[in-house]
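Data first, discussion second: the structure below is written as C-alpha cells.
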Amino acid sequence: MASIDYEPKLLAILSISFFLSCIFVSVAALDDSAFLASEGKALLESGWWSDYSNLTSHRCNWTGIVCDRAGSITEISLPWFLKVGNKFGKMNFSCFSNLARLDLANHELSGSIPPQISILPQLRYLDLSSNYLGGELPSSLGNLSRLVELDFSFNYFKNSIPPELGNLKNLEILDVSYNTLTGPIPRTLGRWNFQSSSALKEDLRLMFRTKL
C-alpha cells in the first residue's frame, strides 16, 4: 500500500520535471533562433549581397557563405567578383561568434580594420590581402587566440608590427609583405622560427612557424 501512496507524488514530480525540461528546451531554442536571426540581419544590413533576396533564411546558400549543421555561419569567403569595397565597415562582425574563416582578399577594401574583427572568438584564418587598407595594425588582433593564419600582404599598413601579436600562440603564418611597415621584429615574436629574414623590408614575406 505504501508504494501506491507514493505513486501520485512520483508522477507529479516526473510531470513537473518534464514540464521544466520543455521550458528549458524552448528557451534554448528561442535563444538559438534569435542568434541565427542576428547573423542573417548582419549579412543583410552589410549590403555585401545586395543582389540577393532579402530572405535570410536562405543565407547558407549565398555565395561565399558556409554554415555548420545548426545553421550558424562559420565561413565568409567571398569571390573577387562580389566586391565589398567601401562596405567593409558596414558588417556587424560581433554577430558571428562561430566564424572561423574570413577571406576578403582582392575586394578593394579601404580604410582601417574594423575593431569588431578582434573579438571573433573562433576565428582561425583571416585573409585581407591585396586591398587598400592602411593605418597601423591594431594591437587588439592579439586577442584572436585561435588564429592560425593571418595575411595582410599587399596593403598600405605602416609603422611597426604590434608586439601583442606575440599573444597568438596558435599562429603559424603571418604574411605582411608589400606594406610600408618599419622597425624591428617585436621581441614577443622571438619564440617563432622565421622562414625569412628578420629585417622588415618592403617585399618581406614573414612566415612564423610554431611547428617544426
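Each reported figure results from applying straightforward, stated rules to the coordinates on display, with no laboratory input. Source: prediction; values computed, not measured. Counting neighbours? That spans all protein chains shown, and the Cβs are built from the backbone with ideal geometry, glycine included.
Contact map, the range 76-90: first residue within 9 Å of residue 48 (Cβ to Cβ), second residue among the small types (Gly, Ala, Ser) and in a helix (DSSP H, G or I), Cβ cut-off under 7 Å, separation 6 or more or different chains; pairs are 87/46; 90/46.
Return the only residue of 83, 169, 90, 158 being within 20 Å of residue 179 (Cα to Cα) and of a type in the set (Lys, Arg). Can you show your working first?
Values: 83 fails: within 20 Å of residue 179 (Cα to Cα); 169 fails: within 20 Å of residue 179 (Cα to Cα); 90 fails: within 20 Å of residue 179 (Cα to Cα).
Just a single option satisfies the conditions, and that option is 158.
Among the residues of the range 121-176, those identified as farther than 23 Å from residue 76 by Cα, small (Gly, Ala, Ser) and out of contact with any helix residue (DSSP H, G or I) (no Cβ under 6 Å at 6 or more places or on another chain) are 135, 160. Number of residues in the range 83-116 that are acidic (Asp, Glu) and either surrounded by fewer than 16 Cβ atoms within 10 Å (Cβ to Cβ) or more than 16 Å from residue 65 (Cβ to Cβ) (or both) equals 1.
Considering only the range 43-57, I want to know if a residue exists there that is within 15 Å of the chain's Cα centre (by Cα), part of a strand (DSSP E or B) and hydrophobic (A, V, I, L, M, F, W, C).
No, the range 43-57 contains no residue that is within 15 Å of the chain's Cα centre (by Cα), part of a strand (DSSP E or B) and hydrophobic (A, V, I, L, M, F, W, C).
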